[in-house]
Amino acid sequence: MSTTTATAADTTTTRYRPSQRILHWLMAIVIISALIIGLYCSYLSPGIPLRRALLDVHKSLGMTALILIAIRLPLRLSLGEPGYGQPLDTLNHYAARSAHILLYALMILMPIAGYTTSAAGGHDLPWFGLFQWPNLLPLDKALERTAAEIHEYGAYCLYVIVSVHILAALWHHFFRRDEVLKRML
């Protein structure tokens, strides 16, 4: 490889495709909003109208995230990811891989656990006041409790992994000054 080619490859920033970037940022808004609302609701007294209204929005955001991940995951698997001008070192490569696998797993697990909690508990399954999702589960208080625990502990994991994801992107951008964040902009 010539020096000119190596230099050009090192300075070229490859970005994700527009569809992938749009889905990434849309899901970021949906998931972070759902996390904030869910956390806020955990401090409100059960049964008050504000809590019920916010939980309806939280459920709607969760089901929206599930729809979006059903689009995003096949798109990601079919399109792959862009290459790097300069590959990540081994530690960063495996840390990024692990974080992304965990994020994708949580993006699937959390809405399913939330849906199961509501459905098995006989609660509403609204989507922004436009319609109700069908309840595909029988009333089952034990299942409701188990799903609620999974949803709660999954939320703790999601708070941590989303925070680490954001901090890592900012660290790459402002301190390492590499192309990691630019790939998704």
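Points to keep in mind about this one:
A quick yes/no check of all residues on (1) under 13 Å from the mean Cα position of the chain (by Cα); (2) surrounded by fewer than 18 Cβ atoms within 10 Å (Cβ to Cβ); (3) closer than 24 Å to residue 170 by Cα:
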residue	(1), (2), (3)
16	no, no, yes
42	no, yes, no
83	no, yes, yes
96	no, yes, yes
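- For region 94-129, residues that are part of a helix (DSSP H, G or I), of a type outside the set (A, V, I, L, M, F, W, C) and more than 18 Å from residue 142 (Cα to Cα) total 6.
- Applying a threshold of 8 Å to beta carbon distances and a minimum spacing of six or more residues, or different chains, the list of pairs starting in region 60-84 at a residue that is closer than 15 Å to residue 18 by Cα and ending at one that is at pLDDT below 95 and β-branched (Val, Ile, Thr) reads 82/14.
- Residue under evaluation residue 87, criteria (1) touching a His at 6+ places or on another chain (Cβ under 8 Å); (2) part of a helix (DSSP H, G or I), criterion not met: (2)
- Checklist (1) among the hydrophobic types (A, V, I, L, M, F, W, C); (2) over 12 Å from the mean Cα position of the chain (by Cα); (3) within 30 Å of residue 144 (Cβ to Cβ) applied to residue 79, failing item: (3)
- Just one of (1) at pLDDT 95 or above; (2) under 20 Å from residue 105 (Cβ atoms); (3) not in a helix (DSSP H, G or I) fails for residue 67. It is (3).
- Considering region 132-174, the residues that are small (Gly, Ala, Ser) and in contact (Cβ under 8 Å) with a residue 60 or more places away in the chain include one that is surrounded by the most Cβ atoms within 10 Å (Cβ to Cβ), namely 155.
- Residue check for residue 129: free of Cβ contacts under 8 Å to residues at least 40 places away in the same chain, at positive phi and not β-branched (Val, Ile, Thr): no
The values are calculated or read from the model by the stated rules, or taken from the named source; none is laboratory data. All values derive from a computational prediction rather than experimental measurement. Positions of Cβ are backbone-derived with ideal geometry, glycine not excepted, and every protein chain shown enters the neighbour counts.
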